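Data block below; observations after.
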Amino acid sequence: MVPQVEFDELEGSSMLAITIAWDNALSWTWDEAIHSLETTMQQIASVVVKLKKEASGESILRKTHVPNKTHWDLAVKKALQEINTSSSELVKVVLARSSRILTATNIDPIAWLASLQVEGEDAYQFCLQPPNGPAFVGNTPERLFHRKWLSISSEALAATRARGESRALDLQIEHDLLSSPKDHLEFTVVRENIQNKLESVCDRVVVEPKKTVRKLRRIQHLYAQLSGNLRREDDEFEILSSLHPTPAVCGLPKEAARLFISETEMFDRGMYAGPVGWFGGGESEFAVGIRSALVEKDSGALIYAGAGIVEGSNPSSEWDELELKTSQCTKLLQLEVPRQSKVENLEIIY
């Protein structure tokens, strides 16, 4: 879609751009187009004013998981049995959980998104909401790809640990993550798959760093950055289709993992783990829609999380990883407040 209103944050300033389309022959006149724009701007202004006010976190009344802990353990054991079977080609599969939270009042997805910015340094925040529909919001650290002309970059992000409460403990956890054979396997499956996909469309692919730790506010992951030069400006949908889904959200081999997920998971993932981003002439960028939730009016929210299952995985440890990944959403609702937003010198010219 072409946005009616686009807001860009730049270094030291911001820019608001609008697109107006009208056609008298189609009974959509200039005056009607301007009236539609003014209505939209009034809605945006009300959101800006609302985000300037401090709002307390929502109170969670009830939380239920699909699958529950018992069924999760069974699913992970089933996956491990499949992975360890000599006749099976499955190396890794990512299993997910959907957590329904019911709150005392409706969750405002825009206010929640503002809260996630506190969690999301060096990450992508997004909110997609069709008219009168649920809002898909998230704070994902995972880039699928970024292209600028013929230059393309991607990231491998896998394996998870909590942050330490002290610097010494944090470094100890980091060392454990870097030295774990199970986490190394989970990570290299992702990195090598993305590298192979990029090499099929690039002259040369550079992986640097090959393996390091990326630290977020609550979590740390194994991380690698990949970059290359495209042989030609292919149809970007083909590049997107080639890279997505990565083994970080599906598994390896892709089709075997997809089949296992469809037979095992007890809910529909919907938009969870899908690509979120934009296409544009000389540049495009997509992230992976993880660390996300679906916010529904009068129904609370569905919070999604997944964990990669490989040889050596433990059902209880993987459940704890799900809890860690969803904590940024649940703790914000209970404890945090949206940070104040500030808009200066807002001017609309048309």
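The values are calculated or read from the model by the stated rules, or taken from the named source; none is laboratory data. Predicted model, so just to flag it, every value in this text is computed and none were measured. Every residue, glycine as well, gets a Cβ built from its backbone with ideal geometry; the counts of neighbours run over all protein chains shown. For the accessible areas, the whole protein counts, side chains as well, though only heavy atoms, and no ligand, DNA or RNA atoms are used. Shrake-Rupley method; radii C 1.70, N 1.55, O 1.52, S 1.80 Å.
Here are a few things to note about the model shown:
- Förster radius 22 Å - calculated FRET efficiency between A168 and R218, Cβ distance, rounded to 0.05: 0.75
- Remark on segment 94-134: ratio of C-alpha radius of gyration to 2.2 N^0.38 Å is 1.41.
- Positive-pole candidate from Y124, T70, V249, dipole of the chain, charges at beta carbon: T70
- Of all accessible heavy-atom area on the chain, the percent that carbon and sulfur account for (1.4 Å): 51 percent
- Directionally averaged projected area (convex hull, Cα atoms, the chain), nm²: 20.7 nm²
- In order along segment 176-182, phi translates into HN-Hα couplings of 4, 5, 5, 9, 6, x, 5 Hz, rounded to whole numbers, per the Karplus curve 6.51 cos²θ - 1.76 cosθ + 1.60 with θ = phi - 60° and x for Gly and Pro.
- Packing, taken as the mean count of other beta carbons within 10 Å per residue, orders the peptides 267-275, 136-144 from highest to lowest as 136-144, 267-275.
- Dipole in debye (nearest 20) - segment 1-46, about Cα centre, beta carbon charges: Lys, Arg +1; Asp, Glu -1: 100 debye
- Using Cβ point charges alone (K and R +1, D and E -1), the dipole size of the chain about the Cα centre works out to roughly 1140 debye.
- Taking label points 7 Å from Cα along the Cα-to-Cβ direction, I44 and E32 give a separation of 2.2 nm.
- Taking the average, over residues, of other Cβ atoms within 10 Å as the packing measure, peptides 60-73, 85-98, 305-318 rank 305-318, 85-98, 60-73 from highest down.
- Gain upon complete extension [R231, L10; 0.36 nm per residue less C-alpha separation]: 76.5 nm
- Rounded FRET efficiency, nearest 0.05, which uses the C-beta distance separating S317 from K297 and R0 of 41 Å: 0.70
- Theoretical ellipticity at 222 nm over the chain - DSSP helices of four or more residues, -39500 (n - 2.57) apiece, nearest 500: -11500 deg cm²/dmol
- Per residue, the chain exposes 53 Å² of accessible surface when a 1.4 Å probe is rolled over the protein heavy atoms with every protein chain present.
- With Cα atoms, 0 to 90° folded angle of helix 254-264 axis to the chain main axis: 90 degrees
- Note on I18 and K63: with the Förster distance fixed at 45 Å, the Cβ-Cβ geometry gives a FRET efficiency of about 0.65.
- Positive-pole candidate from F260, A158, I101, dipole of segment 60-331, charges at beta carbon: I101
- Which of M1, G12, W28, positive extreme of dipole for segment 1-46 (C-beta unit charges): W28
- Kirkwood-based shape ratio for segment 1-46, expressed as Rg/Rh from alpha carbons: 1.08
- Size of charge dipole - segment 71-120 - debye, nearest 20, with Cβ of Lys, Arg +1 and Asp, Glu -1, no other charges: 160 debye
- Vicinal HN-Hα couplings computed from phi for segment 231-246 (Karplus, 6.51 cos²θ - 1.76 cosθ + 1.60; Hz; Gly/Pro x): 5, 7, 7, 5, 4, 5, 5, 5, 5, 4, 5, 5, 7, 9, x, 7
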